[in-house]
Amino acid sequence: MTDEALFEKVARTMAVVIGIDQSEIKPDSSMDSIDKWDSLKHMKMIMALEQEFDVMFDDEDVVEMLSVPLILIAIKEKVA
Amino acid sequence: MSGRVGLEECDATKLVDVLSALETTRAEGVNVRAECAIYVLTNITVNGLETFIDFHALRDGVDVSVQIAPFNVLHQELVSETSQLHATKPNLLVLALGWEGFAGRFDIVPDDVVSRLEGLFDLAASKSAATIAVNTFVLPSAPTERAPAAGSVSGTIQAVNDWIRDYVRAHRDRFFLCDWGGYVQDIGRAQALDSRYALMAKAPFRPAFLTRYAADLARISCALLGLNKKVLVLDCDNTLWGGVLGEDGPDGIKLDPDDYPGNAFFAAQNVFLDIARRGVVLAICSKNNEADVLDLMHTHPHCLMQPSDFATMRINWENKAENIQALAGELNLGLDSFVFVDDSAFEIDMVSNQLPDVFCAQVPEKIFEYPDAMIALGERFFFAGAQTAEDGNRSNLYAARKKAETAKAAFSDTESYLRSLDITLDMHQAEAPEFARVAQLSGKTNQFNVDKKVYSEADIRAMADSDDHAIFVGVSADKFGEQGLTIVAIVEKAAPTQAHIDSMLMSCRVFERNLEYMFLDTLLSDVQQKWGTKTVTARHVASAKNQVCRDFFADAGFRKVSAADAVQEFELDLGARASIAPDYIRLLQS
């Protein structure tokens, strides 16, 4: 999967779970820049990302994936 | 993953799919039958449950609002008069209790847990007017078959679970049970549970579990709102048994419990009867001869279902949507309490188009999936936990049966439905490669066969080659696909200006489309042109199975010239006839 396709899929998954327009998810978005991305949404989002990419994140990843760049890194590690 | 996926088609375990389907459905507008407020008290984290409940409930027309109370606030919410719970006044109160929060130690004894549970359950029942859903606890490790020793953690949990079941049984007017242990067993621990989140966030359940739990809660909501389905309408051929009774005969249908695929149908009958025991009304809607079906039920050694199992039957050759509409009038129940099972995509599509409130389920193409699909259907729509309110209704429904004659059905417009099907009929004289099929149909078609004569391929070839016979065949198709060569007529030039319809038959696969009228109309025009025919004669010779076409020639404008019913003779003067071709069937002549 190309970086663009990966970002596209991550952004779509995040947008659907957080309940915002996909255009609001930028490559540098983080929990600080998106108000509706709270801790409950975060857990749901991890669930959804795990389903969409068929991966299982490690315990540290789950608490550290607080921005789009960190999410992309964690997924790349798992699907590589 | 984009695209418009509806609630029925989407993968119910996938969070993103479920959220997208919900969004699409809401945006397009959805028929909401009722609203339901659900309040969840819990000592674990069930994040995501609200989405799955929303999904399962909306699938059945219930718009839910789900609130999950703050973590581990149980008694306070119940006791405090100013709590969010009491402000909400939910229809359904869910107690979602994890074992760890109740007993975190290996040496706790069942009585301690039970007394705490009993206190909580009684408190919930006294402080809230809601229906209450409770759960069993999940055993810590897989092997449930092994009898756990008393005093072990498994033994303690099992003892507590037994007590919970008894409590719910004793309070069935208010309490429902969600069997968490059962879900885990069914889904498998790996798919159901997440030890990482269980320990990190007290969130033990994966989406596969949550969606299963949510489906149960949605069913409970339907049940308490009185929205459970009440009537299961069943087709006969390829639904109650394999094969077509009118064609294969009682000895040819498949229903043998020791033989595949008969055993799949035998198992399905078991499921239907089990559903009926929950107080659900069964009905038949089938295109068949009623006497044949009743006879089969009485005499077939493997037919479990008996006429007395059905509150009412519509076994005739009429349109099924109209029949089901009439059933609703007769039973005095809304169409939204009906579920209809049939093997034919045509019937399913027709009924769901004309009666959108009826839930239609098609028999799976892979017959081995049929029994499980019916179990799931029963779980979804005829939830066993909801039987108490319904049990009493059944006798009323039987009484309603007597009102059949007075039921007035507001029939929908069948013609406009047929118009939407893009039906085509390719009609031509039989050609050599088709002779075998024509001969085969002459032997095996019993229902729409005006005067059954079994011809060999050689007979067909001889007639096709002769100057005084014409063999017409029709190949039909509609938007569902091609049905193939399904209509045949053999016409004989009986005199210089007279032709006789020696045979006319049509496969039961294409009933109810009025193809026979298009076919006959074209046939009459053709013989008029080809032979200069002025009068056409025809005959209906009654058999045990061909009532369906008894009035066909009369309906097509022929004059009955004999008095007898067993052998009816008909005649038509071609000079004075009116067209009987339906304008919604497109004729392709080759």
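Put a plus charge on the Cβ of each Lys and Arg, a minus charge on the Cβ of each Asp and Glu, and nothing anywhere else: the dipole of the range A:3-79 about its Cα centre is then about 260 debye. Using 10 Å bins from zero, what percent of all Cα-Cα pairs in the range A:3-79 falls into each bin? Cα pair-distance distribution for the range A:3-79, in percent: 19, 64, 17. Only loop residues by DSSP count here, and only those with at most 10 other Cβ atoms within 10 Å; note down the chymotrypsin sites (Phe, Trp or Tyr not before Pro) in the range B:80-122 that meet that. Here the sparse-neighbourhood loop sites are B:PHE106. Volume per residue for the range B:448-590 equals 117 cubic angstrom (convex hull of Cα atoms). Exposed loop positions in chain B were taken to be GluC sites (Glu not before Pro) whose DSSP state is not H, G, I, E or B and which have at most 13 other beta-carbon atoms within 10 angstrom. Between these positions, the longest stretch is B:146-364. Rounded to the nearest whole angstrom, the semi-axes of the ellipsoid equivalent to chain B, taken from the Cα gyration tensor as √(5λ), stand at 60, 23, 22, largest first.
When every alpha-carbon pair in the range B:164-273 is counted, what percent end up more than 20 Å apart? Across the range B:164-273, Cα pairs with separations above 20 Å total 65 percent. Could you tell me the relative contact order of the range A:3-79? Use alpha-carbon pairs under 8 Å, at least six residues apart, and round to a whole percent. In percent, rounded to a whole number, it is 33. Between rounded, prolate and oblate, where does the range B:535-590 land on the alpha carbon gyration tensor, with a ≥ b ≥ c its root eigenvalues, rounded for a/c under 1.5, else prolate if a/b exceeds b/c? Oblate is the answer for the range B:535-590, as a/c is 1.5 or above yet b/c matches or exceeds a/b. Of the trypsin sites (Lys or Arg not before Pro) found in the range B:1-62, those in coil by DSSP whose Cβ has at most 13 other Cβ atoms within 10 Å are B:ARG4.
Residue by residue, the range B:550-557 carries 3J(HN,Hα) couplings of 4, 9, 4, 5, 4, 5, 7, x Hz when phi is fed to the Karplus relation 6.51 cos²θ - 1.76 cosθ + 1.60 (θ = phi - 60°); x denotes Gly or Pro. With both labels modelled 7 Å from their Cα along Cα-to-Cβ, the B:LYS530 to B:LEU574 distance reads 1.0 nm. Amide H contacts of B:ASP60: none lie under 5 Å away among residues 5 or more positions distant or on a separate chain (H built 1.01 Å from N in the peptide plane; Pro and chain starts excluded). Between the range A:15-44 and the range B:149-216, the C-alpha centres lie 32 angstrom from each other. Size descriptors for the range A:23-66: radius of gyration and Dmax over Cα atoms are 10.8, 29 Å. The local environment of B:ALA436, defined by Cβ-Cβ distances under 13 Å, has a net charge of -1 under the rule Lys, Arg +1 and Asp, Glu -1. Taking only alpha carbon atoms, the protein assembly as shown gives an Rg to Rh ratio of 1.08, where Rh is the Kirkwood radius. Under the combined filter of DSSP loop state and at most 14 neighbouring Cβ atoms within 10 Å, the range A:1-70 retains these trypsin sites (Lys or Arg not before Pro): A:LYS36.
Calculated mean residue ellipticity, 222 nm, chain B: -11500 deg cm²/dmol, from DSSP H runs (n ≥ 4) at -39500 (n - 2.57) each, averaged per residue and rounded to 500. Axis of helix B:207-224 versus longest Cα principal axis of chain B: the two differ by about 80°, to the nearest ten degrees. The angle between the Cα long axis of helix B:345-354 and the main principal axis of chain B comes to about 70°, on a 0 to 90 degree scale.
For the range B:178-183, backbone phi angles converted through the Karplus equation (6.51, -1.76, 1.60; θ = phi - 60°) give residue-by-residue couplings of 10, 8, 4, x, x, 4 Hz, Gly and Pro being listed as x.
So what is the relative contact order for chain B, in percent, with contacts set as C-alpha pairs under 8 Å and at least six apart? Computed value for chain B: 9 percent relative contact order. How much of the DSSP beta bridge set in chain B is antiparallel, as a percent to the nearest 5? Roughly 45 percent of the beta bridges in chain B run antiparallel, per DSSP. When the Cα gyration tensor is reduced to axis lengths a ≥ b ≥ c, the ratio a/c is 1.5 or higher for the range B:229-306, and with a/b not above b/c it is classed as oblate. The long axis of helix B:320-331 is offset from the longest Cα principal axis of chain B by roughly 50 degrees. DSSP bridge analysis restricted to the protein assembly as shown gives an antiparallel fraction near 45%, rounded to the nearest 5. Here B:VAL32 and B:GLN440 are evaluated by their C-beta separation; at R0 = 51 Å the FRET efficiency comes out at 0.50.
Taken together, the values in this text are just the output of simple stated rules run on the coordinates, not laboratory data. It should be emphasised that the depicted structure is a prediction, and the values quoted were computed from it without experimental measurement. FYI the Cβ positions are ideal-geometry reconstructions off the backbone, even for glycines, and counts take in every protein chain you see.
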